[in-house]
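One structure is given here, and the rest of the page talks about it.
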């Protein structure tokens, strides 16, 4: 049984984690032998279209059981490196504020142990808690956000912490020069004006087709060059619904899986300190291809980062 309370510290963070027999890919290693920790963050609080995020960590874990663990991109066999599946953060969904504080606290605990977390959301709002924690332990933190939407609204439906506002909140926490959007193709008038004003750097989805991956990679490398540490956040709606139909707010005309996966060898370095994968709704993903793609991204991220750290 997990006992819930609020106002805890990193010393009590383990009380907010529930273990599950369903580990990522059916595997889990030892903290002393791997730097990676997989953590489920089943926040399901601010959906504006399709609810059901809370089941995504489970489905991503199950999808990983059917994927190969040898990365041809990096020449790394993740099955020999492994990761620790820490379980899921237990959240009080009736209070978004409390849930975000618990996410921050558990994330801080993981960073304090020197872990490289792979957070499985959950809605995109989790990044407010996880990135704040990352910034407390990794100075000069920047965040690369792959997202179909700008998420730059000041508030949505009266909620400043809606999943439609996460990039605005990240800019407030990290500063506008520390955030870059990639794959964006859907904005409101308010967000469009903010992008025109340079409130945040962004790489439109059309750049991937018009200029190619090498150009996009160079834009990201130019951004990363001024960062001391980097957090990668992947909203699965950045992909075209043909490849990722099971998301909360699908948006046509999106990226192909290779647009992101083939960028990883170009941009990954030892600066990267965390990954989150968010916005999957399994009930709209009957074939599990969205969860499969999410699991693939996690495997390639850990493989690529391990290759960098082993140099």
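The values are calculated or read from the model by the stated rules, or taken from the named source; none is laboratory data. A quick note: this is a predicted structure, and the numbers were derived from the prediction, not measured. Quick reminder, even Gly has a Cβ in these numbers, built from the backbone with ideal geometry, and neighbours come from all protein chains shown.
Against the conditions (1) modelled with pLDDT under 95; (2) part of a helix (DSSP H, G or I), where does residue 215 fall short? Just the number, please.
Tallying (1) modelled with pLDDT under 95; (2) part of a helix (DSSP H, G or I), residue 215 fails exactly one: (1).
On the given criteria, is residue 274 surrounded by 23 or more Cβ atoms within 10 Å (Cβ to Cβ) and in a helix (DSSP H, G or I)?
Values: surrounded by 23 or more Cβ atoms within 10 Å (Cβ to Cβ): yes; in a helix (DSSP H, G or I): no.
Judged against the criteria, residue 274 is not a match.
Of the conditions (1) in contact with a strand residue (DSSP E or B) (Cβ under 6 Å, 6 or more places away or on another chain); (2) surrounded by fewer than 24 Cβ atoms within 10 Å (Cβ to Cβ), residue 60 clears all except one; give me its number.
(2)
Filter region 242-251 for residues that are crowded, with 24+ Cβ neighbours inside 10 Å and touching a helix residue (DSSP H, G or I) at 6+ places or on another chain (Cβ under 6 Å) and give the result. Outline the logic, then answer.
Initially, region 242-251 is screened for residues crowded, with 24+ Cβ neighbours inside 10 Å, giving 244, 246-248.
244, 246, 247, listed by residue number.
Those residues that are surrounded by fewer than 18 Cβ atoms within 10 Å (Cβ to Cβ) and either assigned to a loop (DSSP other than H, G, I, E, B) or touching a helix residue (DSSP H, G or I) at 6+ places or on another chain (Cβ under 9 Å) (or both), I need them from region 220-241; list them, please.
Within region 220-241, the subset surrounded by fewer than 18 Cβ atoms within 10 Å (Cβ to Cβ) is 221-222, 225-226, 228, 241.
Answer for region 220-241, where residues must be surrounded by fewer than 18 Cβ atoms within 10 Å (Cβ to Cβ) and either assigned to a loop (DSSP other than H, G, I, E, B) or touching a helix residue (DSSP H, G or I) at 6+ places or on another chain (Cβ under 9 Å) (or both): 221, 225, 226, 228, 241.
Residues to consider are 140, 129, 87; find the one that is in contact with a strand residue (DSSP E or B) (Cβ under 7 Å, 6 or more places away or on another chain), at pLDDT 95 or above, more than 20 Å from residue 297 (Cβ to Cβ) and surrounded by 19 or more Cβ atoms within 10 Å (Cβ to Cβ).
Numbers: 140 fails: surrounded by 19 or more Cβ atoms within 10 Å (Cβ to Cβ); 129 fails: in contact with a strand residue (DSSP E or B) (Cβ under 7 Å, 6 or more places away or on another chain).
Result: 87 is the single residue among 140, 129, 87 that is in contact with a strand residue (DSSP E or B) (Cβ under 7 Å, 6 or more places away or on another chain), at pLDDT 95 or above, more than 20 Å from residue 297 (Cβ to Cβ) and surrounded by 19 or more Cβ atoms within 10 Å (Cβ to Cβ).
Restricting the search to region 157-197, which residues are at pLDDT below 90 and over 24 Å from residue 240 (Cα atoms)?
The first filter runs over region 157-197 and keeps only residues at pLDDT below 90, leaving 157-165.
Within region 157-197, 157, 158, 159, 160, 161 qualify.
Return yes when residue 145 is touching a helix residue (DSSP H, G or I) at 6+ places or on another chain (Cβ under 8 Å), within 20 Å of residue 222 (Cα to Cα) and crowded, with 24+ Cβ neighbours inside 10 Å and no when it is not.
yes
Any chance you could count how many residues in region 244-266 are more than 17 Å from residue 57 (Cα to Cα) and in contact with a strand residue (DSSP E or B) (Cβ under 8 Å, 6 or more places away or on another chain)? First the steps, then the outcome.
Applying the first criterion (more than 17 Å from residue 57 (Cα to Cα)) to region 244-266 yields 249-266.
Going one step further and asking which of them are in contact with a strand residue (DSSP E or B) (Cβ under 8 Å, 6 or more places away or on another chain), we end up with 249, 251, 254-257, 259-260.
Final tally of qualifying residues: 8.
Only residues that are modelled with pLDDT of 95 or more and part of a loop (DSSP other than H, G, I, E, B): list them for region 48-74, please.
65, 66, 67, 68, 69, 72, 73, 74
Return the residues of region 137-195 that are part of a loop (DSSP other than H, G, I, E, B), over 14 Å from the mean Cα position of the chain (by Cα) and under 20 Å from residue 117 (Cβ atoms); say none if nothing qualifies. Steps first, answer last, please.
Of the residues in region 137-195, the ones part of a loop (DSSP other than H, G, I, E, B) are 138-140, 147-148, 150-155, 157-158, 160-162, 175, 185, 187-188.
Add one more test, that the residue is over 14 Å from the mean Cα position of the chain (by Cα), and what stays is 138-140, 150-155, 157-158, 160-162, 175, 185, 187-188.
Residues satisfying the conditions are 138, 139, 140.
Residues of region 279-311 being more than 16 Å from the chain's Cα centre (by Cα), surrounded by 16 or more Cβ atoms within 10 Å (Cβ to Cβ) and not in a helix (DSSP H, G or I), which ones?
285, 288
Please indicate, with yes or no, whether at least one residue in region 95-115 is within 27 Å of residue 68 (Cα to Cα) and either without any contact (Cβ under 8 Å) to a residue 40 or more places away in the chain or in a strand (DSSP E or B) (or both).
No, region 95-115 has no match at all.
Which one is nearest to residue 251 (Cα to Cα) among residues in region 188-219 that are in contact with a strand residue (DSSP E or B) (Cβ under 9 Å, 6 or more places away or on another chain) and crowded, with 20+ Cβ neighbours inside 10 Å?
Ranking the candidates gives 205 first.
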